[in-house]
1. Return the subset of Lys85/Lys131; Lys67/Lys131; Lys131/Lys161 for which the Cα-Cα distance in this structure is over 21 Å, preserving the input order.
2. Along Cα→Cβ, 7 Å out, is where each label goes; now give me the distance between the ones at Gln30 and Ile10 in nm to one decimal.
3. If each of Ala88 and Trp62 carries a label point 7 Å out from its Cα toward its Cβ, how far apart are those two points in nm?
4. By the scheme Lys and Arg +1, Asp and Glu -1, what is the net charge of all other residues having a beta-carbon under 10 Å from that of Ile79?
5. Could you tell me how many degrees, from 0 to 90 and to the nearest 10, lie between the Cα long axis of helix 106-120 and the main elongation axis, the longest principal axis, of the Cα atoms of the chain?
6. With Cβ to Cβ distances under 12 Å as the rule, what net charge do the other residues near Gly51 carry (K, R +1; D, E -1)?
7. Could you give the alpha-carbon Rg of the chain over 2.2 N^0.38 Å, rounded to two decimals?
8. If we count every other residue with Cβ under 15 angstrom of Glu41's Cβ, Lys/Arg +1 and Asp/Glu -1, where does the sum land?
Amino acid sequence: MNKHSIITGIAIIVIVIPFAVSGLNILGAQQLEYRWNNPGEFKFFTMSNHGEMEFCNTMPFWTNFQKFEIGAFYDSKNIGSFVVKPAAINPLSSHVQEGIFSSEEIQASQHIFMTLDFEFDGGDIRLDPNKFIILVQIDTPIIGLIPYSTTTQMSGFDFDKMMNSENLSCD
């Protein structure tokens, strides 16, 4: 084996490893499980006053994200976002991370959230729950430079059930 082949092989390994790690990180972020830190006690109104989320890394390698954002939309209008700080989560374990809610019209958002919480708990229908959509966006840059986001859309009711989940794979 000559000297140029060895240098070429090492160069290929040095180039491929960061992309492989980034690819595994993207996969891990897509498989991430999450819920409100107090299982069974999630309310949208509570989320509007900040709080903590629990993340479960179901993969056998470290997963991290730069930004985890929950966007709440009612009738196609953004009513607020809950953003979790960057986190690195150990393999096959859970991690609790703080989040902050922000909205241009916080009082209107909280009113909508209280009404929807009441409806999801079996109360009278006052707002159409079918118009309440949640977008979950996870930002995991490739090799720390190239932006990459994974976005999941779900109904507010499904999101409420997921956030109140009693069990995660890491439990």
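1. Beyond 21 Å: Lys85/Lys131; Lys67/Lys131.
2. The two pseudo-label positions are separated by 3.5 nm.
3. In this crude label model, Ala88 to Trp62 measures out at 0.3 nm.
4. Details: positive: Lys77; negative: Asp75, Glu104, Glu105.
Result for the local shell: -2.
5. Between the helix axis and the principal axis of the chain, the angle is about 80 degrees.
6. That sum, taken over residues with Cβ under 12 Å, equals -2.
7. 1.27
8. -3
The values are calculated or read from the model by the stated rules, or taken from the named source; none is laboratory data. The shown structure was predicted, so the numbers you read here are calculated from the model rather than taken from an experiment. With ideal geometry, Cβ positions are generated from the backbone for all residues, glycine too; neighbour counts draw on all protein chains shown. Surface areas here come from the heavy atoms of the whole protein model, side chains and all, with no ligands, DNA or RNA. Shrake-Rupley method; radii C 1.70, N 1.55, O 1.52, S 1.80 Å.
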